[in-house]
Amino acid sequence: MCGIHGISWPDRSNIIKMIRLSESRGPDGEDYYLDEQVAFGHNLLSITDSPKLSGQPYKVNDSHILCYNGEIYNYKELKKEIERNHNYKFRTSCDTEVLAYGLFFEGVEFIKKIDGMYALSWYDKKALTITLARDSAGAKPLYYSHSKGSNFCFSSSIKSLLSLGLDRKLDLRAFYFYKSFGYVAGPDTLINSIKKLVPG
């Protein structure tokens with residue numbers, strides 16, 4: 001269990017606050033990325049490699065940034081495929097590097113090859129785009145909000161999003177749905193200003 005966070009404006013203090021509020025999601029490390037446009041953060045639970053090697057946000061050629069929470073079950077097979085097709089020599093044994101370079105070489109279509117549970121963000125610095133994705137079962141949470149004017153933010157944790165000063169107004173329709181069925185159907189949450197990325 002890791003935590004990923006992002007905001008579409010450069011704000012070191014807010015991204016650090018989001019990371020700290022989700023520290024229970026990743027006891028092995030934390031870090032952030034900041035440029036003139038965005039800020040991303042990550043809480044790390046290291047599974048297949050050392051925290052030093054598998055740390056995130058993960059940078060590719062200083063042009064793309066990956067923040068990822070989850071586990072790619074078929075990463076060893078994908079690793080061999082990338083080595084064969086793109087002549088890339090991997091430096092780690094972690095699935096993070098496989099995911100990052102799969103996306104870098106093949107674009108977001110690479111996500112269709114993944115077998116696993118995940119929530120991810122992929123930032124293209126040149127195109128100024130952020131792609132969010134979740135596994136088809138929805139095993140890993142990912143929430144987002146557009147409610148701060150034209151700004152966009154996302155996180156594995158609602159608590160981290162609320163630290164940005166979002167409106168905490170109750171979504172009454174979602175609340176009645178919860179009372180009737182015991183859960184809230186996506187993309188809604190109990191908070192009007194926050195949505196969840198639907199599985200798949």
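The values are calculated or read from the model by the stated rules, or taken from the named source; none is laboratory data. Computed from a prediction, not measured in an experiment: that's the story for all the values here. Don't worry about glycine lacking a Cβ; one is built from the backbone with ideal geometry, like all the others, and counts go over all protein chains shown. Protein only, heavy atoms only, side chains kept; ligands, DNA and RNA dropped before computing areas. Shrake-Rupley method; radii C 1.70, N 1.55, O 1.52, S 1.80 Å.
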Quiz item: In a GNM of the chain with a 10 Å cut-off on Cα contacts, which of P57, P187, P141 has the highest mean-square fluctuation?
Solution: P187
Quiz item: How much of the accessible area of the chain, probe 1.4 Å, is carbon plus sulfur, in whole percent?
Solution: 51
Exercise. Provide, in order from the shortest bin, the percent of all Cα-Cα pairs of segment 93-200 in each 10 Å bin, continuing until the bin that contains the maximum pair distance.
Key: 13, 39, 32, 14, 2
Quiz item: Across segment 60-74, in residue order, what do the Karplus-derived ³J(HN,Hα) couplings come to in whole Hz, using 6.51 cos²θ - 1.76 cosθ + 1.60 with θ = phi - 60° and x for Gly and Pro?
Solution: 10, 6, 6, 10, 9, 10, 10, 10, 9, 10, x, 8, 9, 5, 9
Quiz item: So how far apart, in nm, are the two label points at D62 and L34 if each is 7 Å from Cα heading toward Cβ?
Solution: 1.9
Quiz item: At each listed q (0.17, 0.25 Å⁻¹), what is the log10 of I(q)/I(0) that the Debye formula gives for segment 60-113 modelled as equal alpha-carbon point scatterers?
Solution: -0.47, -1.09
Quiz prompt | Nonlocal amide H pairs with D188, under 5 Å, H built at 1.01 Å | solution = K196
Quiz item: Full extension from K126 to E83: what is 0.36 nm times the residue separation minus their Cα-Cα distance, to one decimal in nm?
Solution: 13.0 nm
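When Lys and Arg each count +1 and Asp and Glu each count -1, what net charge do the other residues less than 11 Å away from D188, Cβ to Cβ, add up to?
With Lys, Arg at +1 and Asp, Glu at -1, the neighbours total +2.
Measure up K113/K196; K159/K195; K59/K112; K80/K112; K76/K125; K59/K159 against 19 Å on the Cα-Cα distance and list the ones that go over.
Checking Cα-Cα distances, K113/K196; K59/K112; K76/K125; K59/K159 exceed 19 Å.
Please compute the per residue accessible area over the chain with all protein chains in place, 1.4 Å probe, rounded to a whole number of Å². Write out the running numbers ahead of the final one.
Numbers: 9960 Å² over 200 residues.
Per residue, the chain has an accessible area of 50 Å².
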Exercise. Identify which of E109, E97, E71 has the largest mean-square fluctuation in a Gaussian network model of the chain, with springs joining Cα atoms closer than 10 Å.
Key: E109
Exercise. Using just the helices of the chain, give the 222 nm mean residue ellipticity in deg cm²/dmol: DSSP H runs with n ≥ 4 each add -39,500 (n - 2.57), and the total is spread over all residues, rounded to 500.
Key: -7500 deg cm²/dmol
Quiz item: Highest GNM mean-square fluctuation, the chain, Cα pairs closer than 10 Å: which of S150, S63, S160?
Solution: S150
Exercise. Determine the relative contact order of the chain: mean sequence separation of Cα pairs under 8 Å and six or more apart, normalised by residue count, in whole percent.
Key: 19
